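Worksheet: one structure, shown below.
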Amino acid sequence: MEGQKQHKKGIGSKMSRRETYESRTEELLLPIADGFGVEIYDVEYVKEGSDWYLRAYIDKEAGVNITDCENVSRALSEKLDEEDFIEDAYILEVSSPGLGRTLKKEKHFIKSLGQEVEVRTYKPIDKRKEFVGVLQAYDNGNITILMDDEERNFSKADVALVRLTFDF
């Protein structure tokens, strides 16, 4: 579910601004999310092809719907236009993190303890780069999963991606 709006600013971009844009957007989004009864899952500012995307992922206990995304998108878009701190042209997207959501922050890992996850590593470990198991622990960036009745530990520095798995 997504709400999209094209925002145009000046051309030109520097990756060094990415974290500033993400944290400033999250600050603007917090009261909006609270007002609509949703929580902020993540905010990311990424370049895909020739386009910049400012993505806000929102969630709530019962799951977000298209109306939640539209309401938050409209309110956030107005705030972003008022503040006008992003110099690049970008596309704003507000959506649910989805079923196979990526776990990035400590709060994501803690909330997902006991659930099945996929761990992808940068380099092969025991000749493989993908591992699936139940998330047992997350401590100071170390990830522990239970895989085939055996615990496997991964250092966050070795992990490219952790996301929830889902079965249909």
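The values are calculated or read from the model by the stated rules, or taken from the named source; none is laboratory data. These numbers come from a predicted model, not from an experiment. Cβ atoms come from the backbone with ideal geometry, glycine included; neighbour counts cover every protein chain shown. Note: areas computed on protein heavy atoms with side chains; ligands, DNA, RNA excluded. Shrake-Rupley method; radii C 1.70, N 1.55, O 1.52, S 1.80 Å.
Annotation: S95 fulfils all but one of (1) in contact with a Gly (Cβ under 9 Å, 6 or more places away or on another chain); (2) among the polar types (S, T, N, Q); (3) over 28 Å from Y45 (Cα atoms); the unmet one is (3). Every listed requirement among (1) modelled with pLDDT under 90; (2) of a type in the set (D, E, K, R); (3) touching a Ser or Thr at 6+ places or on another chain (Cβ under 6 Å) is met by K105 save one, (3). Just one of the listed residues (D88, D149, D84) is touching a residue at least 60 places away in the same chain (Cβ under 8 Å) and at positive phi, namely D84.
Only one entry in K79, K123 is charged (D, E, K, R) and either touching a strand residue (DSSP E or B) at 6+ places or on another chain (Cβ under 8 Å) or modelled with pLDDT under 95 (or both), namely K123.
Criterion applied to L92, L99 was being modelled with pLDDT of 95 or more and not basic (K, R), and the one residue passing it is L92. The residue that is farthest from R163 (Cα to Cα), counting only those in segment 30-46 that are of a type in the set (A, V, I, L, M, F, W, C) and not in a helix (DSSP H, G or I), is F36.
Is segment 49-56 home to any residue that is surrounded by 12 or more Cβ atoms within 10 Å (Cβ to Cβ), closer than 30 Å to R152 by Cα, of a type in the set (F, W, Y) and touching a strand residue (DSSP E or B) at 6+ places or on another chain (Cβ under 7 Å)? No, segment 49-56 has no match at all. Those strands (runs of 3 or more DSSP E) of segment 80-168 in which at least 1 residues are open to solvent by 40 Å² or more (accessible area, probe 1.4 Å) and of a type in the set (S, T, Y), considering only elements entirely within it, cover 116-125, 128-139, 150-155.
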